[in-house]
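Below is one structure, written out as structure tokens, with a few remarks after it.
The values are calculated or read from the model by the stated rules, or taken from the named source; none is laboratory data. Everything numeric here is computed off the predicted structure, so don't read it as measured data. No Cβ is skipped: glycine too gets one built from the backbone with ideal geometry, and neighbour counts run over all protein chains shown. The area values use the complete protein model at the heavy-atom level, side chains included, leaving out ligands, DNA and RNA. Shrake-Rupley method; radii C 1.70, N 1.55, O 1.52, S 1.80 Å.
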Amino acid sequence: MQGPLIDTLARQGVTRRTFLKYCATLASMMALPPSAGRAMAEAMAAARRPSVIWLPFQECTGCTESITRSHSPTLEGMIFDMISLDYQVTIMAAAGHQAEEALRNAMLENDGKYLLVVDGSIPMGDPGYGTHGGHSFVDHLQQAAKGAAAIIAVGTCASYGGIPKANPNPTGAVSVSDIIKDKPIVNIPGCPPIPVVMTGVLAHYLTFGSLPELDAKGRPKAFFGETIHDRCYRRPFYDQGKFAKTFDDEGARRGWCLFELGCKGPVTYNACATVKWNGGTSWPVESGHGCLGCSEPDFWDAGGFYKALSVPADPLKLAAAAAVVGAGAGVAVSFANRAKKGAAKKAHQPITLADLEK
Amino acid sequence: MSLDAIPIHVITPPAGEPGLTGNAPPLLRELAEQVKRLLETGESSAIDLSALPLTPTDLDWLHEKLGAGEIAVTLQASGESTLNETACPGIWWVTHRNEQGAVTSQFIEVAFVPELVKAHPQDVAIGLENLELMISDL
């Protein structure tokens, strides 16, 4: 399907006002000024759909599930109308040689212009750990990255290595940004990531022709600017020193802070507390379980899900540090820190909270 | 010196009432500025209520102060949206809801007519085509 997006939407019964309303809400979620909603709608309505190539590596398909099964198909489902998804092995009809040909064609026809979406980490240990059509994952990534305008790393695995990279990292898993150094990369971590973050990044790209502002870990600031703890509705209990001590005590029943039960909210940057899950129904802390910190690097090895963080949270200091570091420089710093982290891991030193927070 | 020497009076807010944060009143001044701008230059503007630290009580206070006007617009577009004129003409309270009825975003819009109410020229052109087709079939 070609032509402006608004025509494509109209054919599917999505009216202009539905689209305007959607853009207004999206702009609000991305903390853009209210006028940006209309600018977004105008730009996106007229936009030609960019070609998107989606490569899955060491992943569990949870990220794809999160995005394709978001509750309201007319909303997040729209992203698939905004883009021309030319290659996505999980949901495409073609298979085998046909699928690989679709990939080659999309790469040739849209050279330098397509968006590359990656979910899953890349095994560096043995090329045989992951292959597509006889080629290793790392070869695939490098080849597809060459002609990409930008790369979107979806999920914690693609962003930071994720669960495949957890100790002892049997496959030598690394993130996209560990391999590709010469392309703009947006990390959308989370296990799985929040669907609207993905939509927001795409909408920003379509509207402004650029990627949104990123934090030191390559994440869009609009969604990862504050910690779970900062925006948690249980925060007043933390400030009052009211903590649940077990999952079935009086405090837990009263909905007190889950800090002592190992909640990683104070060191986790994500939008769960505001955007919530399942169409705004609830989110982990609201259902009575602490945050696992799934959108932070090496969350699996952060010392146990039920072990309380040892240092008190100082979100103001952390936020200030994140704000000072510029996007470009920030990415470089995060590379350096990750390298340091890698060295610590090789020396069999446990990853500390301080490492996590760098 | 014991603490008793310091005259401290603890005021507890009434039960079930989270209380006002004081963040709502300044919005009225901002709205006044925006209405002035609308009158002078015709420029419309909006305040994103979900982006501000307002409690439900604050929102109720604001809603009550602004009151209800003569026009209430309901839009059915993947969930219900209401665009209601307040007692101050030119100020509209806009609430977007999803299909489940949950509020997805909320704005106060300052405009002669909210943007969403106006028909887009392209849509009007499509309507005209349909109308002409209808006439030719008569």
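Within region A:240-257, being open to solvent by less than 100 Å² (accessible area, probe 1.4 Å) and either of a type in the set (Lys, Arg) or in a helix (DSSP H, G or I) (or both) holds for A:Lys242, A:Glu250, A:Gly251, A:Ala252.
Restricting A:Asp111, A:Asp178 to those that are assigned to a loop (DSSP other than H, G, I, E, B) and charged (D, E, K, R) reduces the list to A:Asp111.
Give me the pairs, please: first residue somewhere in region B:78-107 and closer than 15 Å to A:Pro34 by Cα and at the interface with chain A (Cβ under 7 Å from one of its Cβ atoms), second residue anywhere and surrounded by 20 or more Cβ atoms within 10 Å (Cβ to Cβ) and basic (Lys, Arg), beta-carbon distance under 9 Å, and either six or more positions apart or on two chains. Between residues of region B:78-107 that are closer than 15 Å to A:Pro34 by Cα and at the interface with chain A (Cβ under 7 Å from one of its Cβ atoms) and residues that are surrounded by 20 or more Cβ atoms within 10 Å (Cβ to Cβ) and basic (Lys, Arg), the close pairs are B:His96/A:Lys21; B:Thr104/A:Lys21; B:Ser105/A:Lys21. Flag: A:Gly125 does not match the condition of being at positive phi and in a loop (DSSP other than H, G, I, E, B).
When every residue of region B:52-65 is checked against the conditions, at least one turns out to be open to solvent by 70 Å² or more (accessible area, probe 1.4 Å), within 14 Å of chain A (Cβ to nearest Cβ) and either of a type outside the set (A, V, I, L, M) or under 19 Å from A:Ala31 (Cα atoms) (or both). Could you list all residues from region A:1-19 that are at the interface with chain B (Cβ under 7 Å from one of its Cβ atoms) and open to solvent by less than 40 Å² (accessible area, probe 1.4 Å)? Within region A:1-19, A:Arg16, A:Thr18 meet the criteria. Just one of (1) open to solvent by 40 Å² or more (accessible area, probe 1.4 Å); (2) assigned to a strand (DSSP E or B) fails for B:Leu83. It is (1).
Residues are listed down the side, and each one gets a yes or a no for (1) in contact with a Gly (Cβ under 9 Å, 6 or more places away or on another chain); (2) at pLDDT 90 or above; (3) of a type in the set (Val, Ile, Thr):
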position: B:Ser45; (1), (2), (3): no, yes, no
position: B:Glu70; (1), (2), (3): no, yes, no
position: B:Thr86; (1), (2), (3): yes, yes, yes
position: B:Ala102; (1), (2), (3): yes, no, no
position: B:Phe112; (1), (2), (3): yes, yes, no
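Please determine, by comparing only the residues of region A:31-41 that are assigned to a helix (DSSP H, G or I) and at the interface with another protein chain (Cβ under 10 Å from one of its Cβ atoms), which one is most open to solvent (accessible area, probe 1.4 Å). Write out each step before concluding.
Narrowing region A:31-41 to residues assigned to a helix (DSSP H, G or I): A:34-41.
So of that shortlist, the ones also at the interface with another protein chain (Cβ under 10 Å from one of its Cβ atoms) come out as A:34-38, A:41.
Numbers: A:Pro34: 41, A:Ser35: 77, A:Ala36: 10, A:Gly37: 4, A:Arg38: 92, A:Ala41: 7 Å².
Among them, the one singled out is A:Arg38.
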